[in-house]
1. Mind counting the residues in segment 205-226 that are in contact with a Lys or Arg (Cβ under 9 Å, 6 or more places away or on another chain) and either more than 17 Å from Thr131 (Cβ to Cβ) or open to solvent by 30 Å² or more (accessible area, probe 1.4 Å) (or both)?
2. For segment 20-75, which positions are more than 15 Å from Ala120 (Cα to Cα) and among the basic types (Lys, Arg)?
3. Restricting to segment 82-117, and then to whatever is surrounded by fewer than 21 Cβ atoms within 10 Å (Cβ to Cβ) and in contact with an Asp or Glu (Cβ under 7 Å, 6 or more places away or on another chain), can you tell me which residue is nearest to Ile56 (Cα to Cα)?
4. Looking only at residues that are within 11 Å of Leu176 (Cβ to Cβ) and touching a residue at least 24 places away in the same chain (Cβ under 8 Å) in segment 187-204, which one is surrounded by the fewest Cβ atoms within 10 Å (Cβ to Cβ)?
5. List the helices (runs of 4 or more DSSP H) inside segment 138-228, counting only whole elements, that have at least 1 residues being modelled with pLDDT of 80 or more and of a type in the set (S, T, N, Q).
Amino acid sequence: MKTSIVIIDDHQLFREGVKKILEFEPIFDVVAEGDDGCEAMSLVETHRPDVVIMDINMPQVNGVEATRLLIERYPDMKIIILSIHDDENYVTHALQTGAQGYLLKEMDADALVEAVKVVADGGSYLHPKITHNLVKEYRRIAIEQMTERESSLYIPEIRKPLHLLTRRECEVLQLLADGQSNRGIGETLFISEKTVKNHVSNILQKMNVNDRTQAVISAIKNGWVEVK
């Protein structure tokens, strides 16, 4: 069965671009479009989509408020926020409201498609840049919680998980933690995006996690990657 999608964004050209990218995928079906949070409510009521892609900045009812209202009415609704903001406060607010994904509008087509697939399957997806920022914040808080003496002596020891991953997969995992997209990882390692996707899929399976964000956070906790 196809994944049904509703797109809510008040910029028509951007909305049409998102729709065209998604319609290239035979497993997706864009069933409706809207340009405001109020319209999102009625479109979801009518179409009951699998995934809603929601702009964060819109007139009348913004994306975060619309997400809150939708989750209250439909607790299992899967929503991906689109935003130009990579500030932690925006991300945290959106996720606390109930969104399962957060994408920056600078995303590439692959990131959009991957995000919809992951969220539709019940996972969460953050733009790679957002993941990197959250990981840095996680490490900062962890160090601050140490005593001043411990902190001054703290030197993170990076232990590559060669018992679990291949050397190439370790390299890919580090680049995920660096906030690289699949395309960026491919360019850095001089491999194709398809090969990168295969490596990422293997990493998720071996680490027993559902998405890239969980993989990076787990790797940070285990000291497998360096936060730059």
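1. Residues in segment 205-226 being in contact with a Lys or Arg (Cβ under 9 Å, 6 or more places away or on another chain) and either more than 17 Å from Thr131 (Cβ to Cβ) or open to solvent by 30 Å² or more (accessible area, probe 1.4 Å) (or both): 3 in total.
2. Hits for segment 20-75 are Lys20, Arg68, Arg73.
3. Going through the qualifying residues, I end up with Leu104.
4. Looking at residues that are within 11 Å of Leu176 (Cβ to Cβ) and touching a residue at least 24 places away in the same chain (Cβ under 8 Å), I get Val200.
5. Output list reads 167-177, 182-189, 193-207, 212-221.
Quick grid of which residues meet (1) over 19 Å from the mean Cα position of the chain (by Cα); (2) crowded, with 16+ Cβ neighbours inside 10 Å; (3) modelled with pLDDT of 95 or more:
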position	(1), (2), (3)
Asp36	yes, yes, no
Pro59	yes, no, no
Arg68	no, yes, no
Met77	no, yes, no
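The values are calculated or read from the model by the stated rules, or taken from the named source; none is laboratory data. Everything quoted here is computed from the prediction, not taken from an experiment. Heads up, the Cβs are rebuilt from the backbone with ideal geometry, glycines too, and the neighbour counts pull from every protein chain shown. Just the protein is used for accessible areas: all its heavy atoms, side chains included, with ligands, DNA and RNA removed. Shrake-Rupley method; radii C 1.70, N 1.55, O 1.52, S 1.80 Å.
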